[in-house]
Amino acid sequence: MPDAAQSEALALPDLVAIRAAHARIAPPVHRTPVFRCRSLAPEVCAELHFKCETLQNVGAFKPRGAVNA
C-alpha cells in the first residue's frame, strides 16, 4: 500500500497545473504534427497516429518534459 508521499507523487495534475505547464513550455517548444498511417491500419484493425516529436527544432524526443522540469 503506498504511503502519503507516494500517493501525492502519483496524483494526477489538475487543470491549473496543466495550464501552468503549458505556459512554461510554450516559448521554446513548437507544435509538432501528428501523422496517420493508413497503410498499416488495416493490418492492425485500428487507426495509427504518430506524434512526430523528433521534428522539434532541437531534434530531441521529449523537449516538453525537459523544459517543464
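The values are calculated or read from the model by the stated rules, or taken from the named source; none is laboratory data. Nothing here was measured: the structure is a model prediction, and the numbers come from that model. Heads up: the accessible areas ignore ligands, DNA and RNA and are worked out on the full protein's heavy atoms, side chains in. Shrake-Rupley method; radii C 1.70, N 1.55, O 1.52, S 1.80 Å.
The residues H22, H30, sorted by heavy-atom accessible surface at 1.4 Å with ligands and nucleic acids left out, run H22, H30 from largest to smallest.
Tell me, what is the 1.4 Å probe accessible area of E47, in Å² to the nearest 10? Taking all protein chains as shown, E47 has close to 120 Å².
Rolling a 1.4 Å probe over the protein heavy atoms leaves L40 with an accessible area of roughly 90 Å².
Here F35 sits with roughly 110 square angstrom of accessible surface, probe radius 1.4 Å.
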